[in-house]
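> If you scroll down you'll find the structure; I have some questions about it.
Nothing in this text is a laboratory measurement; each read-out follows from the coordinates by a stated rule. Predicted model, so just to flag it, every value in this text is computed and none were measured. Cβ atoms come from the backbone with ideal geometry, glycine included; neighbour counts cover every protein chain shown.
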Amino acid sequence: MTDSMSQDDERSRRLVVVLESAGLEPLGPLTGVESYSNDTWMLDDRRFGEVVLRICYRGDVERLPREAIVGRAIPPEVGYPEVLGSGETFMGDDRLTWSLARRLRGSTLLEAWPSLPDRERRRASRSTARALRAMHAWRPPDRLIADLSWPVPEQLTTRKGVIGASIHPVPIARVRVLIAELATVQGVDASLVAAATAAIERLGHHAPAFDDPGTSNLIHGDLQLSNIWWNDDGETGLIDLEWLRFAPSWVDLARLQDNADADAAEGLTMHADLLEWLREDYPELFAVDGLEDRIRFLCLAFFVRQALIWPSPSPAEPLAPDHPLRLLAQLV
């Protein structure tokens, strides 16, 4: 049995378990949606109609319950879909969490972008800026904040723990855990690890403070074109809030920059264009001292994390243009 067949079998087993736990009755075939951190399915349910079911099975599985809590309360200007349910169940000893949301009309902005004329791309940027500003300006009620919990720092001392806790492996102690692991990966250039370590240590004082609702606001945490929804009316909404955290607002620029770097490696400008238009539409997001170095630090930390997730090819194979090790080398 190949790894891909085994993964498909596991995915199907998780789906069966969660459908029963959530009391869902699909009226026809389910459509799987590509997702890097959980299982995502589109279905037509007998009771709820057209919905999106997401299943979290690895890392910090509290991500989806946390997102559902926020999704039920977040201002409508953010454009987040209606939350219909969430819960947890077990498949053997493995804890699964799930969330169910109303399916939105349209597509991701990543899918729509190539066919949009510039005027519509510009319109999408303005709408994204409004949604993002609404999220950053929102102060969740204290009772809701009390229900949001992140892994305690004492638990985040291993590669698996740090990778599973957040897309942004900060504070710097967590980045050090990952870069020490990267140094042990066969085929990874030791000089690259040394250079990345030096750059991370040099920029470490720029690491933002996370998870303190007293000094910061909620951010999306994984802002990129694939997590922005777009419809033909020119409206956008922010979806997939599973990596949300309390942090300074400017942190949401980091994942856009990560993706802009990956785009550039393949001769694309999608995320770079969105970044430049956001600079016009949401200028206060960019009005931070030392923003370039702050973003550079988060990008370095992100590509170290991704290099541990994305297997390295054999020495005889070249790295793909958008491989995290190649992008990490460009950054350092």
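> Net charge around A247, counting only other residues with Cβ within less than 9 Å of its Cβ (Lys, Arg = +1; Asp, Glu = -1)?
-2
> On to the next question. Just need the Rg to Rh number for the stretch 65-203, please, alpha carbons only, Kirkwood Rh.
1.05
> May I ask you to order 209-216, 118-125 by the average number of other C-beta atoms within 10 Å around their residues, highest value first?
118-125, 209-216
> Right, next: Using θ = phi - 60° and the Karplus curve 6.51 cos²θ - 1.76 cosθ + 1.60, what whole-Hz ³J(HN,Hα) does each residue of the stretch 247-257 get, with Gly and Pro shown as x?
Computed from phi, the couplings for the stretch 247-257 are 6, x, 4, 4, 4, 5, 6, 5, 5, 4, 5 Hz.
> Percent of Cα-Cα pairs more than 18 Å apart in the stretch 33-83, please.
43
> On the Cα set of the stretch 161-320, report Rg and Dmax in Å, please.
Considering the stretch 161-320 through its Cα atoms, Rg and Dmax are 16.5, 51 Å.
> Rank the residues I167, I309 as a footprinting-exposure proxy: fewest other Cβ atoms within 10 Å of their Cβ go first.
Fewest-to-most ranking of I167, I309: I309, I167.
> So if each residue of separation counts as 0.36 nm, and I subtract the Cα-Cα distance between A329 and A195, what length gain in nm does that give?
47.4 nm
> State the extension gain, in nm to one decimal, for the chain segment bounded by R139 and E266, taking 0.36 nm per residue of separation less the distance between their alpha-carbons.
41.8 nm
> Going by a ≥ b ≥ c, the root eigenvalues of the Cα gyration tensor, does the stretch 64-116 fall in the rounded group (a/c under 1.5), the prolate group (a/b larger than b/c) or the oblate group?
Oblate, because a/c is 1.5 or more while a/b does not exceed b/c.
> Right, next: For P141, what is the net charge nearby, where nearby means another residue's Cβ is under 14 Å from its Cβ and Lys, Arg count +1, Asp, Glu -1?
That works out to +1.
> What percent do you get for the relative contact order of the chain when only Cα pairs under 8 Å and 6+ apart count?
Relative contact order comes out at 16 percent.
> Taking all pairs of different Cα atoms in the stretch 3-102, averaging 1/r and flipping that mean, what Kirkwood radius in angstroms comes out?
Result for the stretch 3-102 stands at 14.0 Å.
> Excluding E82 itself, what net charge comes from residues whose Cβ is under 11 Å from its Cβ, given Lys and Arg +1 and Asp and Glu -1?
Residues close to E82 contribute a combined charge of +3.
> Another question, then. Name the long-range amide H neighbours of L319: under 5 Å, sequence gap of 5 or more, or other chain; modelled H, no Pro or chain starts.
none
> Another question about this same structure. Which of the listed residues, L148, A131, I163, is farthest toward the dipole's positive end in the stretch 128-168, when Lys, Arg count +1 and Asp, Glu count -1 at the beta-carbon?
Working it through, the farthest residue towards the positive pole turns out to be A131.
> Determine the relative contact order of the stretch 3-102: mean sequence separation of Cα pairs under 8 Å and six or more apart, normalised by residue count, in whole percent.
25
> Once a ≥ b ≥ c are taken as the square roots of the eigenvalues of the Cα gyration tensor of the stretch 123-182, is the result rounded (a/c under 1.5), prolate (a/b larger than b/c) or oblate (a/b not larger than b/c)?
In terms of gyration-tensor shape, oblate.
> Mean shadow of the chain, computed from the convex hull of its alpha carbons, in nm²?
Directional mean of the projected Cα hull area for the chain stands at 18.0 nm².
> Give, rounded to the nearest 20 debye, the magnitude of the charge dipole that the chain has about its Cα centre when Lys and Arg contribute +1 at Cβ and Asp and Glu contribute -1 at Cβ.
Here the size comes out at about 500 debye.
> Averaging sequence separations of C-alpha pairs under 8 Å and six or more residues apart, then dividing by the length of the stretch 119-276, give the relative contact order as a whole percent.
25
> Can I ask one more? From the square roots a ≥ b ≥ c of the eigenvalues of the alpha-carbon gyration tensor of the stretch 192-247, which class results: rounded (a/c under 1.5), prolate (a/b over b/c), or oblate?
oblate
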